[in-house]
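Engineer: There's a structure below that I have some questions on.
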Amino acid sequence: MIKPVSVLYKPRKLSYGGINLEVQGFTPAQFIYFTEEIAAKKMSAWRPRGVVLHCTAQPDLKTWDEDKPKRGIDEVQRIANMMPRWANAGFKASPHLFIDREEIWTATPLWRKGTHAKSFNATYWGIEIVGDFTRETLSDGQRDLVVTAAAALYAMIGHEPTPQNLKYHREEPRAFKPCPGNIGPKEWWDKAIEQRMAELFPGDDYRPGLTRA
Ligand SMILES: [Zn+2]
């Protein structure tokens with residue numbers, strides 16, 4: 001059982017080409033506190049209905065992990081390095097979360113619309129699972145972090161995931177890539193996230209103070 005622990009929200013603010021990010025790494029317990037006590041209170045006009053799962057592909061997991069000790073590129077720098085690519089592609093924002101094997105990293109704030117999948121940007125958060133899962137294997141530990149993060153997000157909007165409001169990027173009609181790779185059937189994620197929500201937020205009132213959609 002993950003118990004929320006309080007955390008100060010002191011993100012690194014990064015700006016490039018009109019894209020503004022607030023980058024901070026969270027453990028699962030910190031992330032639950034962050035969504036409940038900070039992000040939920042900042043939500044205003046933009047109301048997403050679910051999550052789109054992606055994998056970063058570039059960088060892959062090997063590069064992401066090895067760059068830290070070898071080349072001194074930490075997670076914040078790693079995300080900063082992707083900003084020119086997004087800006088050149090005309091993106092106004094980024095995906096919302098980057099989840100590696102240790103932490104859940106924020107990028108575009110959860111209370112603002114992100115850029116990650118054309119047809120889904122308007123109404124979905126985008127989660128990037130760090131790795132290229134057409135070639136790499138998603139570990140149980142990293143998978144578990146993604147489940148917890150998604151459970152916290154669905155709890156924030158007051159409903160469970162369904163096959164309709166939990167998406168893989170490749171469901172995007174114009175998607176040209178196999179994103180998020182081989183991460184297993186969507187039904188598995190749907191169920192795992194639901195179970196995690198029941199563990200973390202017993203009862204059907206996932207978030208006191210937030211009205212159900
Ligand atoms: Zn994608």
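Engineer: Here's a check for you: in the stretch 21-42, which residue that is farther than 18 Å from residue 197 by Cβ and among the aliphatic types (A, V, I, L, M) is farthest from the ligand (Cβ to nearest atom)?
Structural biologist: Across the stretch 21-42, the extreme among qualifying residues is 38.
Conditions tested, residue by residue: (1) crowded, with 21+ Cβ neighbours inside 10 Å; (2) of a type outside the set (Gly, Ala, Ser); (3) in contact with a helix residue (DSSP H, G or I) (Cβ under 8 Å, 6 or more places away or on another chain).
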{"site": "107", "(1), (2), (3)": "yes, no, yes"}
{"site": "119", "(1), (2), (3)": "no, no, no"}
{"site": "122", "(1), (2), (3)": "no, no, no"}
{"site": "128", "(1), (2), (3)": "yes, yes, no"}
{"site": "134", "(1), (2), (3)": "no, yes, no"}
{"site": "139", "(1), (2), (3)": "no, no, no"}
{"site": "145", "(1), (2), (3)": "yes, yes, yes"}
{"site": "149", "(1), (2), (3)": "yes, no, yes"}
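Engineer: Filter the stretch 155-183 down to the residues that are touching a strand residue (DSSP E or B) at 6+ places or on another chain (Cβ under 7 Å) and more than 16 Å from the ligand (Cβ to nearest atom) and list them by number.
Structural biologist: 161, 165
Engineer: Now for a separate question. Got at least one residue in the stretch 60-76 being under 25 Å from residue 118 (Cα atoms) and within 16 Å of the ligand (Cβ to nearest atom)?
Structural biologist: The answer is yes, given that some residue of the stretch 60-76 is under 25 Å from residue 118 (Cα atoms) and within 16 Å of the ligand (Cβ to nearest atom).
Engineer: Mind checking whether some residue in the stretch 64-74 is assigned to a helix (DSSP H, G or I) and crowded, with 18+ Cβ neighbours inside 10 Å?
Structural biologist: For the stretch 64-74, residues assigned to a helix (DSSP H, G or I) and crowded, with 18+ Cβ neighbours inside 10 Å: present.
Engineer: In this structure, is residue 74 charged (D, E, K, R) and either modelled with pLDDT under 95 or touching a Lys or Arg at 6+ places or on another chain (Cβ under 8 Å) (or both)?
Structural biologist: Here the answer is yes, as residue 74 does meet what is asked.
Engineer: Restricting to the stretch 78-96, name every residue that is within 16 Å of the ligand (Cβ to nearest atom), among the hydrophobic types (A, V, I, L, M, F, W, C) and assigned to a helix (DSSP H, G or I).
Structural biologist: Residues satisfying the conditions are 79, 82, 86.
Engineer: When residue 134 is evaluated against the numbered criteria (1) under 13 Å from residue 51 (Cα atoms); (2) of a type in the set (Ser, Thr, Tyr); (3) within 16 Å of the ligand (Cβ to nearest atom), which criterion, by number, is the only one it fails?
Structural biologist: (1)
Engineer: Of everything in the stretch 1-13, what is under 14 Å from residue 112 (Cβ atoms) and assigned to a strand (DSSP E or B)? Give them in sequence order.
Structural biologist: 13, the sole residue that qualifies.
The values are calculated or read from the model by the stated rules, or taken from the named source; none is laboratory data. The structure displayed is predicted, hence computed values, not measured ones. Please note: Cβ atoms are built from the backbone with ideal geometry, for glycine as well, and neighbour counts cover all protein chains shown.
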